[in-house]
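Step one of this worksheet: look at the structure below.
The values are calculated or read from the model by the stated rules, or taken from the named source; none is laboratory data. Note that this is a predicted model, so its numbers are computed, not measured. Every residue, glycine among them, receives a Cβ derived from its backbone with ideal geometry; neighbour counts consider all protein chains shown. Surface areas here come from the heavy atoms of the whole protein model, side chains and all, with no ligands, DNA or RNA. Shrake-Rupley method; radii C 1.70, N 1.55, O 1.52, S 1.80 Å.
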Amino acid sequence: MSNIQKFIQDFQAAVDFQQPIDVLAETRLAELPEWDSLAALGVIVMFDIEYGKTITGDHLKSCETIQDLFNLLG
């Protein structure tokens, strides 16, 4: 499993979608049905707990895709 695949799995768990949804690196955050402030908070917590990296809402605002989020780890 590549790092991006694990990241996507962690992302899906953090957002906790009500219905299963396919998410790819190219998936645009704005197009996700449950991408809201609560989902964003879950992603911020995921970065902290799973990856030991602190991000802010401003970081998230600069991201358009899952790949953009993943790139924050770099």
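Taking the criterion of being small (G, A, S) and at negative phi, the residues of the range 26-68 that qualify are A30, S37, A39, A40, G42, G57, S62. Of all residues in the range 14-28, those satisfying the criterion of being open to solvent by less than 80 Å² (accessible area, probe 1.4 Å) and either more than 16 Å from L73 (Cβ to Cβ) or of a type in the set (F, W, Y) (or both) are V15, F17, I21, V23, T27. Among the candidates L60, L32, L72, L41, the residue that is out of contact with any Gly (no Cβ under 6 Å at 6 or more places or on another chain) and open to solvent by 80 Å² or more (accessible area, probe 1.4 Å) is uniquely L41. The set of residues from the range 29-60 being of a type in the set (S, T, Y) and closer than 16 Å to L73 by Cβ comprises Y51, T54, T56. The residue of the range 28-71 that is nearest to Q5 (Cα to Cα), among those that are under 10 Å from the mean Cα position of the chain (by Cα), at pLDDT 95 or above and not in a helix (DSSP H, G or I), is T65. Going through G42, G52 one at a time, which residue ends up being among the small types (G, A, S) and touching an Asp or Glu at 6+ places or on another chain (Cβ under 9 Å)? Unique residue meeting the criteria: G42. Cβ-Cβ contacts under 8 Å between residues 6 or more apart (or on different chains), taken from a first residue in the range 35-55 that is under 22 Å from D22 (Cα atoms) to a second residue that is basic (K, R), are listed as F47/K53. Among the residues making up the range 1-27, those that are in contact (Cβ under 8 Å) with a residue 24 or more places away in the chain and in a helix (DSSP H, G or I) are N3, I4, F7, I8, D10, F11, A13, A14, V15.
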